[in-house]
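Asker: Following this message is one structure expressed as structure tokens.
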Amino acid sequence: MERAIATGVNRGLPPRLKAWIPVIAWALLISFASTSIFSAEHTGSLIEPVLRWLLPWASVATIETLHYSIRKLAHFTEFGVLFLLLIRGPMRGRAMLALAVCAAYALLDEGHQMFVPDRTASLYDVALDFSGALFSHFVHTGFAEFI
């Protein structure tokens, strides 16, 4: 065993497989965020008190609107990050394929929510997810020469 380690035979995962680890970890985080733990009711019990503390003059409607907006921004951000992980890792140089993976995962994620109590599936959320990935593509393309 020591000889195998010393000669480099047992170095762990191949680089191509290592590139997928951050992507898989992020996809699992997205899936976890699609559980009932992150339903509007549950996130509201955390986010709304903070918003009321930050904005004590805000009406109930304003707080609810901000909570809704934060939840939708999370969709946008989750898939923006997923795209960047794909394009900077296993799908380097294949932006269209990375966008397709993001779109497919967005559909899968919303489909999963059809079966989760306290969650609803929405094509609007799929569009938000894909918009986040597309925005990241534009940002990545614009800054590609600096990265």
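Asker: Quick one: if you stick a label point 7 Å off each Cα along the C-beta vector at residue 65 and residue 100, how many nm between them?
Answerer: Spacing of the two 7 Å Cα→Cβ label points: 4.1 nm.
Asker: Working from the pairwise distances between different alpha carbons, so that the mean of 1/r is found and then inverted, what is region 17-64's Kirkwood radius in Å?
Answerer: When all Cα pairs of region 17-64 are included, the Kirkwood radius is 12.9 Å.
Asker: In nanometres, what is the gap between the two model label sites at residue 37 and residue 77, each 7 Å from Cα along Cα-to-Cβ?
Answerer: Placing both labels 7 Å beyond Cα along the Cβ direction yields 1.8 nm.
Asker: Next question, about the same structure. Counting only protein heavy atoms and using a 1.4 Å probe, what share of the accessible area of region 20-147 belongs to carbon plus sulfur, as a whole percent?
Answerer: Carbon and sulfur: 74 percent of the exposed surface of region 20-147.
Asker: Here's something else I'd like to know. What does the accessible area per residue of the chain come to in Å², with a 1.4 Å probe and no ligands, DNA or RNA counted?
Answerer: Solvent-accessible surface per residue comes out at 66 Å².
Asker: Another question about this same structure. Take the Cα atoms of the chain, build their convex hull, and give its volume per residue in Å³.
Answerer: Considering the Cα atoms of the chain, their hull volume per residue is 183 Å³.
Asker: Now, a different point. Of 50, 60, 126, which has the most accessible area with a 1.4 Å probe, and how do the rest follow in descending order?
Answerer: The residues order as 60, 50, 126, largest area first.
Asker: Could you order 78, 41, 64 so the one with the most accessible surface comes first? Probe is 1.4 Å.
Answerer: 41, 64, 78
Asker: From a point 7 Å beyond the Cα of residue 25 in the direction of its Cβ, which residues of region 68-109 have a backbone N at a distance under 13 Å?
Answerer: Zone members listed by number: 85.
Asker: Report the accessible area of residue 26, computed with a 1.4 Å probe over the heavy atoms of all protein chains in place, in Å² rounded to the nearest 10.
Answerer: Accessible area of residue 26: about 70 Å².
Asker: Follow-up. Using only the heavy atoms of the protein chains and a 1.4 Å probe, how would 62, 43, 120, 141 rank by accessible area, largest first?
Answerer: Ranking 62, 43, 120, 141 by accessible area, largest first, yields 120, 141, 62, 43.
The values are calculated or read from the model by the stated rules, or taken from the named source; none is laboratory data. Keep in mind that what you see is a predicted model, and the values were worked out from it rather than measured. Because the Cβ atoms are built from the backbone with ideal geometry, glycine has one as well, and the counts that use them run over all protein chains shown. Side chains included, ligands, DNA and RNA excluded: accessible areas come from the protein's heavy atoms. Shrake-Rupley method; radii C 1.70, N 1.55, O 1.52, S 1.80 Å.
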